[in-house]
1. Within the stretch 362-375, identify whether any single residue is under 25 Å from GLU238 (Cα atoms), buried (at least 19 other Cβ atoms within 10 Å of the Cβ) and in contact (Cβ under 8 Å) with a residue 24 or more places away in the chain, and answer yes or no.
2. From the list LYS40, LYS48, pick out the single residue that is within 30 Å of HIS261 (Cβ to Cβ), buried (at least 22 other Cβ atoms within 10 Å of the Cβ) and basic (Lys, Arg).
3. If you take the residues of the stretch 222-255 that are in a loop (DSSP other than H, G, I, E, B) and surrounded by fewer than 18 Cβ atoms within 10 Å (Cβ to Cβ), which of them is modelled with the lowest pLDDT?
4. Is it the case that VAL474 is assigned by TED's automatic domain parsing to the domain that holds GLU565, under 17 Å from THR569 (Cα atoms) and of a type outside the set (Ser, Thr, Tyr)?
5. Give the residue that is nearest to the chain's Cα centre (by Cα), with candidates limited to residues of the stretch 341-393 that are farther than 23 Å from ASN295 by Cβ and in a strand (DSSP E or B).
6. Can you go through GLU21, GLU62, GLU77 and tell me which one is within 17 Å of LEU154 (Cα to Cα) and either surrounded by fewer than 21 Cβ atoms within 10 Å (Cβ to Cβ) or not assigned by TED's automatic domain parsing to the domain that holds ALA146 (or both)?
7. Can you say whether THR479 is within 26 Å of ARG273 (Cα to Cα), more than 18 Å from the chain's Cα centre (by Cα), surrounded by fewer than 15 Cβ atoms within 10 Å (Cβ to Cβ) and among the hydroxyl-bearing types (Ser, Thr, Tyr), as far as the supplied structure shows?
8. Is one or more of the residues making up the stretch 271-281 small (Gly, Ala, Ser), assigned to a strand (DSSP E or B), under 29 Å from VAL408 (Cα atoms) and under 19 Å from the mean Cα position of the chain (by Cα)?
Amino acid sequence: MDYSVIADSYEKIEATTKRLEMTDYLVDLLSKTPKEVFSKVVYLTQGKLYPDFMGVEMGVAEKLAIRALARASGQSESAILADLQRSGDIGETSEKLLAKRKQSTFFSVKLTVERVYETLDKLAKTQGSGAVDTKLALLSGLLSDATPKEAKWLIRTVTGNLRLGIADMTVLDALAIAYGGGKDARELIERAYNISSDLGRVASVVCEKGLDGIKKFQVMVFEPIRPMLAERLGAPEEILEKFGGKCIAEYKYDGERVQAHKKNGKVVLFSRRLENISDQYPDAVDLIREQVAANEAILEAECVAVDLETGDMRPFQELMHRRRKYGVEAAIEQYPISLFTFDALYVDGKDLTQEAFPLRRKSLEKIIKQSDRIKPATQKLITNPKALEDFFEEAIEEGCEGLMCKSVGKDSVYQAGSRGWLWIKYKRDYRSEMTDTVDLVVVGAFHGRGKRVGTYGALLLATYNEENDTFETVTKCGTGFTDKDLATLRDMMQKHVIPRKNSRVQSMLEADVWFEPAVVLEILGAEITLSPIHMAAMDSIRKGSGLAIRFPRFTGKYRTDKAPEDATTSKEIVEMYRGQLKKIGESTQP
């Protein structure tokens with residue numbers, strides 16, 4: 001398959017902001033793709049070579065890409081830099097400069113998807129002495145044979161700035177239409193993705209074996225299951241009403257959520273973003289290996305910093321010291337952890353994700369050899385609001401954030417990759433006006449003035465709307481940032497800058513700078529109000545009005561453990577708003 005077919009499709013997708021058109025172009029591309037390279041095309045369209053949990057990154061910095069472009073185009077690095085400063089997009093610069101390269105390549109060979117993928121795979125896996133020169137040769141070799149349009153997409157891919165605006169859900173829609181007979185097949189295909197986190201493998205199966213192959217898709221150890229998420233409510237009465245008067249309440253620990261996979265003595269830990277974090281928690285790996293009495297298992301746990309001398313739990317921030325490449329052994333001694341397990345998703349060949357929560361909990365308790373360092377989360381069966389409130393206070397006294405309330409009904413399955421009312425968070429701060437933090441996605445920025453010239457004066461932040469897979473603006477935030485934060489954010493956001501509003505962003509405001517939704521920040525505000533200019537939960541409370549957070553402040557916490565789709569949802573903002581009104585005796589009706 002010629003790589004030009006991909007480049008042509010990407011051009012069409014980039015040229016539209018309409019989601020249905022994007023899907024149509026993607027369906028057309030997938031329909032043209034041979035089975036032999038189907039998974040490769042899907043991975044490349046995601047801007048990667050493998051699923052995230054494999055940890056393979058192309059690792060090409062912009063500086064190296066400029067050197068490769070200079071070698072392929074015959075232009076000087078200074079000329080490339082000058083044009084890049086103008087365009088702000090190395091892909092656009094590559095296309096322009098290769099269109100007027102000083103000398104033609106007499107022996108150029110047409111680029112194929114196979115060659116591009118295999119070359120990028122070599123590039124990603126090249127390490128050690130001479131790695132930079134090898135990567136330079138591989139990349140410049142591709143660029144030398146590329147057309148200007150192909151070069152644009154090649155260099156965007158290797159630098160991690162594909163900028164197509166296509167989310168995984170759009171790819172699932174396209175797969176359902178192209179190979180499942182229509183969007184009705186989306187749910188079945190999405191289930192396969194949710195239990196494997198490997199869109200390329202799912203695509204390959206649906207292409208080669210159709211829906212029959214997808215129906216046989218199985219949970220596999222070392223392929224992380226996309227985590228189930230919770231809704232939130234602020235009153236015991238509301239929570240019990242949702243659950244029909246009865247639920248299991250568990251301590252909600254202030255730690256890092258991990259998914260532990262074990263097989264034949266090998267253990268791998270994945271973060272909630274499905275990154276392999278085993279190296280950060282070798283002590284947790286040992287606990288799972290030694291104290292989980294199953295040959296094969298997939299468990300979920302909260303990894304919590306603890307004081308081993310007192311048994312007291314420590315703040316989440318202490319775990320950040322584990323996020324380092326060097327000095328992990330010292331961090332283990334200084335910041336020890338305990339594991340509080342809360343779900344069993346797979347045990348010795350049995351997929352438990354379709355089983356009710358009480359059965360999963362029993363399976364979990366059977367295989368955990370309890371100790372001070374690893375144990376199931378503390379829980380209690382609750383049947384009345386007073387009992388829930390008392391257990392809540394007990395959890396707070398123990399150093400937890402609050403409670404996670406869970407359905408015990410027959411339908412209390414593990415909803416991989418989705419949020420629902422089978423799990424409900426109950427935290428102390430939800431009971432008062434906007435004293436609880438929210439996690440918002442950075443989608444735009446406004447230039448700074450005065451002391452902030454050269455940095456961002458304020459950020460445009462959004463909630464996630466899971467119903468239509470978009471990000472809806474909810475506030476502008478310029479408070480709480482230190483000088484160091486402003487410099488960090490400028491550098492952090494640079495690689496996410498895009499020339500126009502992302503197709504998944506819903507905004508009435510015009511930002512000075514737009515970003516692809518990627519970075520999540522923790523924000524604390526004073527209150528939630530109706531807003532004619534913000535898009536979060538538009539028309540949910542009053543026609544023509546969305547919801548906005550007033551007087552927002554950055555808490556200093558970068559939620560690197562959360563994907564943008566894990567951010568606070570628009571629905572959650574609605575529930576917080578309604579809960580706030582109930583406290584002051586107002587009606588939620590206009």
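The values are calculated or read from the model by the stated rules, or taken from the named source; none is laboratory data. All values derive from a computational prediction rather than experimental measurement. Cβ: placed from backbone, ideal geometry, glycine included. Neighbour counts: every protein chain shown.
1. If we filter the stretch 362-375 for residues that are under 25 Å from GLU238 (Cα atoms), which is where we start, we get none.
There is no residue in the stretch 362-375 that is under 25 Å from GLU238 (Cα atoms), buried (at least 19 other Cβ atoms within 10 Å of the Cβ) and in contact (Cβ under 8 Å) with a residue 24 or more places away in the chain.
2. LYS40
3. Going through the stretch 222-255, the residues in a loop (DSSP other than H, G, I, E, B) turn out to be 222-228, 233-235, 243-246, 253-255.
Checking the rest, the ones that are also surrounded by fewer than 18 Cβ atoms within 10 Å (Cβ to Cβ) come to 222, 235, 244-246.
Values: PHE222: 97, ALA235: 87, GLY244: 95, GLY245: 96, LYS246: 97.
Checked the stretch 222-255; the qualifying residue modelled with the lowest pLDDT is ALA235.
4. It is true that VAL474 is assigned by TED's automatic domain parsing to the domain that holds GLU565, under 17 Å from THR569 (Cα atoms) and of a type outside the set (Ser, Thr, Tyr).
5. Among them, the one singled out is GLN379.
6. Of the residues listed, the single one that is within 17 Å of LEU154 (Cα to Cα) and either surrounded by fewer than 21 Cβ atoms within 10 Å (Cβ to Cβ) or not assigned by TED's automatic domain parsing to the domain that holds ALA146 (or both) is GLU62.
7. no
8. Yes, there is a match, as at least one residue in the stretch 271-281 is small (Gly, Ala, Ser), assigned to a strand (DSSP E or B), under 29 Å from VAL408 (Cα atoms) and under 19 Å from the mean Cα position of the chain (by Cα).
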